[in-house]
1. To test your reading of the geometry: what angle, between 0 and 90 degrees and rounded to tens, separates the Cα axis of helix 237-268 from the longest principal axis of the chain?
2. Select from Ala101, Ala17, Ala77 the residue whose mean-square fluctuation is largest in a Gaussian network model of the chain (Cα-Cα springs shorter than 10 Å).
3. List the cysteines of the chain that have no other Cys Cβ closer than 4.7 Å: which are they?
4. Mind putting a number on the dipole of the chain about its Cα centre? Charges go on the C-beta only, +1 for Lys and Arg and -1 for Asp and Glu, and I need it in Debye to the nearest 20.
5. Roughly what would the spin-label model give for Glu206 and Lys178, points 7 Å off Cα along C-beta, in nm?
6. Determine the dipole magnitude for segment 133-303: charges of +1 sit on the beta-carbon of Lys and Arg, -1 on that of Asp and Glu, nothing else is charged, the reference point is the Cα centre, and the result goes in debye to the nearest 20.
7. Indicate, rounded to the nearest 5 percent, the antiparallel portion of the DSSP beta bridges found entirely in segment 133-303.
8. Taking R0 as 25 Å, what FRET efficiency do you get between Gln236 and Glu163 from their Cβ-Cβ distance, rounded to the nearest 0.05?
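The values are calculated or read from the model by the stated rules, or taken from the named source; none is laboratory data. These figures come from a predicted structure and were not determined experimentally. No Cβ is skipped: glycine too gets one built from the backbone with ideal geometry, and neighbour counts run over all protein chains shown. When the accessible area is computed, the model is the full protein with side chains, heavy atoms only, and any ligands, DNA or RNA have been set aside. Shrake-Rupley method; radii C 1.70, N 1.55, O 1.52, S 1.80 Å.
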Amino acid sequence: MSISILAIESSCDETSAAVCRDGIILSNIIASQKVHEQYGGVVPELASRAHMQNIVPVVDKAMRDAGCSMQHLNAIAFTQAPGLIGALLVGAQFAKSLSLALNIPLIAVHHMQAHVLANLIPTTTNGQPDPKPSFPFLCLTVSGGHTQIVLCESPLNMTVIGETMDDAAGEAFDKSAKILGLPYPGGPLIDKYAQQGNPDRFRFPEPQIPGLNFSFSGLKTAILYFLQENTAADPQFVAKNLPDICASIQQRIITILLNKLKKAAIQTGVKDICIAGGVSANSGLRQTLEQWGQRFRWNTFIPAFQYCTDNAAMIAITGYYKYQAGSFSDLGVSPTARAEWK
Ligand code: KG4
Ligand code: ZN
């Protein structure tokens, strides 16, 4: 019997629904909320309202694109945590209602676990299946709210072996962009300008944090002082040097991330290395990971672009593994803003 799962993601400012059949993604619809741009960050209450407006059309389109009817679904998966509580509630209530109405199991998914498993979503290039990581693998998960190195021993057996002690990597991108006067979310814009810039032009500090943990708050302060000093001398400094500033900031964030990943690879002896999360869409990180992979003989894996930032396909694939393991939730399950790894 084939297994069809409808998955819903609503943890932050993307309303997304996906359908997977036997682990193959048939549709993945993402509605990005533009309403937050004018505020320079995600406004939780506006996110909840936009999810409520988007969820029915997004689910409807995901079902139609997949050519799937409600009667053929075997389970509903949804993001339980972590995220904005009001935003999570919309997806959770929708998923619970559908599971009750259709009398099919409900599967609660951890958003960060799903980012890691985005690496296992089957994809093809020119009709040929792409290689996927073998267990155990390491995953550097870099998003707007998290920065983690995860040792993944099986789809549902993962351990966080390093994480940020303050800002996340995505926040480091977004806050740097804000200091430069760029709109939210600044990560993709820094990436865009960096492509025309010289990454060696300006040098920002690399924090000396023991073990596999990260810190990005010092970098943010260093960038702020650097800009204050230089714009005092020349008010046009940012406008004249934007590509070089962006390339130098991006390079520093990338080396902070990859130096820790390299340390984790040496400590664990693991050679299959993945990245995941919104920041894994960064072109510089993707290129540098591949270069380091060749240099250190790692097998490197990067999710397809559409599976890097928040999406329901990653919730669907995680739901599929949980379905196979019989890991279901009852209707009493509540979303939580923060959630520890099990
Ligand atoms: O995983 P995600 O979509 O949402 C969270 O779970 O947080 O990650 C969003 C983060 C934002 O900080 C955004 O600026 C960053 O990913 N991001 C990027 C790029 N695309 C998205 N950062 C750098 N370069 C990019 N191309
Ligand atoms: Zn995310």
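1. 60 degrees
2. The residue with the greatest mean-square fluctuation here is Ala101.
3. Singleton cysteines: Cys12, Cys20, Cys68, Cys152, Cys246, Cys308.
4. 440 debye
5. Placing both labels 7 Å along Cα→Cβ, they lie 2.7 nm apart.
6. The calculated dipole for segment 133-303 is roughly 340 debye.
7. 60 percent
8. 0.05
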